[in-house]
1. Farther than 30 Å from E283 by Cα and out of contact with any helix residue (DSSP H, G or I) (no Cβ under 9 Å at 6 or more places or on another chain): does that describe S202?
2. What residue, among those in segment 1-23 that are open to solvent by 30 Å² or more (accessible area, probe 1.4 Å) and of a type in the set (A, V, I, L, M), is farthest from Q49 (Cα to Cα)?
3. Take the conditions in contact with a Leu (Cβ under 8 Å, 6 or more places away or on another chain) and touching a residue at least 40 places away in the same chain (Cβ under 8 Å) and apply them to A64. Does it pass?
4. Go over the candidates T257, T238, T264 one by one and state the one that is over 24 Å from the mean Cα position of the chain (by Cα), of a type in the set (V, I, T) and either open to solvent by less than 50 Å² (accessible area, probe 1.4 Å) or at pLDDT below 95 (or both).
5. From the list N207, N228, N219, N150, exactly one residue is open to solvent by 40 Å² or more (accessible area, probe 1.4 Å) and closer than 26 Å to M1 by Cβ. Which is it?
6. So which of E106, E39, E43, E94 ends up being in contact with a helix residue (DSSP H, G or I) (Cβ under 6 Å, 6 or more places away or on another chain) and part of a loop (DSSP other than H, G, I, E, B)?
7. Pick out the one residue from T238, T218, T272, T279 that is farther than 30 Å from D153 by Cβ and β-branched (V, I, T).
8. Could we say that D127 is within 22 Å of F278 (Cβ to Cβ), among the acidic types (D, E) and surrounded by fewer than 17 Cβ atoms within 10 Å (Cβ to Cβ) here?
Amino acid sequence: MNALTEIPSFVIFKEAHLIQGKSAEQFTKAWADYDKKSESGSEFPNPKQYTRDSLFLAIELGDAGVVLDELKLCFIEEVWDIILGTVMALARAEMDCKFEHRDLHENNICILRSEGKSRSPTNHSHDERYGYSGLEMSLIDFGLSRATLNDGDTVFYNLEEDLSVFQAPDGHPQFNAYKKMRTHLFTGTRTMNKKAWHNEASKMLNNGHYWSEYTPYTNVIWIHYLLNYLKKKFKADTDGQRQSELSLLEVDMREFTKRLDARTKTENGAFTSAIDCFTFAIEQGWYPEELINANQSAILEQSNIASFNEESNDNVKTFVTNEWIKEEAGRCVKDGEDENNRAAVRSENEAGEEQDDISQGGKSHILKGKHTRFGEDPKGNGKAGDSLDDAAETKPCSAVPTGIPAPDPSSGRTTRAAARRTVEEESSGESNWRKLGRIRQERRLP
């Protein structure tokens, strides 16, 4: 929780305490009151059963308000703020620590109404949608989550230890989301294997993939779930009397919703991460300029810029997520729309330094959400080299793609600062965010 508490819209972590002894009288009374009022009773054990030797871990968090499930939505601006706030929070967490929540339903998002925090809808640009409700949101409960810490350690919960979460009845959106995550991890597809498939025998069908891996598409699954939940909740909470406002939201988010849909192909713009969702929202102008400027440096250093990678033998076009600004400058690529046959090759020193960050074990690369060895096509047919060094040797390049500074000869690598300066210099007064959005659109597959 320490790794996430500094990220905006994540619950504030204050302290953790180890406590020994019986439950306090107030705690016992609170449990009894809840157990009596609840139709199904409390799912937690009766505190009276604890002894003097019982140990408790008490975590102190900041006030995050009420869970989304208990909040009554009154205005469409609240729907916009919750969905866009969630997208931004997940995107920043992906950038900072390769975070996946993996359990982001309506009881793991808290909402706090803050007086004076809202802005007048008349004082914003035509496209802006975020920041007009006065709601503050916090993501909570990271019990199933995955993150990479600053020291390089990966923390995660192995969902294979208890398959019950995947064996709930088919059809419920929340339970379907768990099944979609596991299906995607094991197969790389955007489909959903039904309840019957998720049994003990299915553990052998993981194709070598584990829950420790970073698969940010799980965040997309939960963003899609949340958007659908919010639309249904808004309609129910307003008794359908604000249907016209909801219809306008659906029109505005038509393309966004399409790219969340599992039926949309990656080459047609399907989102593969929360960063993709966030970048799209920025391109639409949904976030206020001051918020973008406040986060600009962090995002520019880690934003993914799309480009083409054409496999020479099969002429297979693969949509590759290419982190030019952070660590991928110098990799052989082809810009199929603006500058054909122009690419840059990383030096052997750079490949050696960055190979561990790019791959698991140094020999795998994620393409189209599938885990593919570098130099192979997604069908599994071996191509070129078996490693980054081999690939560099077999694909000589003649030039550095436009817009990316050449690697420093003394270091063999392109610095993030130089890359960022190049983007800023080329923008000629154009907003960096608009520049990034335009580059993504120009390089998108036909």
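1. On the way: farther than 30 Å from E283 by Cα: yes; out of contact with any helix residue (DSSP H, G or I) (no Cβ under 9 Å at 6 or more places or on another chain): no.
Against the criterion (farther than 30 Å from E283 by Cα and out of contact with any helix residue (DSSP H, G or I) (no Cβ under 9 Å at 6 or more places or on another chain)), S202 does not qualify.
2. In this case the residue turns out to be A3.
3. Yes; evaluated as a whole, the condition is true for this residue.
4. Numbers: T257 fails: over 24 Å from the mean Cα position of the chain (by Cα); T264 fails: over 24 Å from the mean Cα position of the chain (by Cα).
Of T257, T238, T264, the one residue that is over 24 Å from the mean Cα position of the chain (by Cα), of a type in the set (V, I, T) and either open to solvent by less than 50 Å² (accessible area, probe 1.4 Å) or at pLDDT below 95 (or both) is T238.
5. Within the list N207, N228, N219, N150, the selection yields N150.
6. Values: E39 fails: in contact with a helix residue (DSSP H, G or I) (Cβ under 6 Å, 6 or more places away or on another chain); E43 fails: in contact with a helix residue (DSSP H, G or I) (Cβ under 6 Å, 6 or more places away or on another chain); E94 fails: part of a loop (DSSP other than H, G, I, E, B).
None of the others qualify; the one that does is E106.
7. On the way: T218 fails: farther than 30 Å from D153 by Cβ; T272 fails: farther than 30 Å from D153 by Cβ; T279 fails: farther than 30 Å from D153 by Cβ.
Within the list T238, T218, T272, T279, the selection yields T238.
8. yes
The values are calculated or read from the model by the stated rules, or taken from the named source; none is laboratory data. Just so it is clear, the structure is predicted and the values come from calculations on it, not from any experiment. With ideal geometry, Cβ positions are generated from the backbone for all residues, glycine too; neighbour counts draw on all protein chains shown. Just the protein is used for accessible areas: all its heavy atoms, side chains included, with ligands, DNA and RNA removed. Shrake-Rupley method; radii C 1.70, N 1.55, O 1.52, S 1.80 Å.
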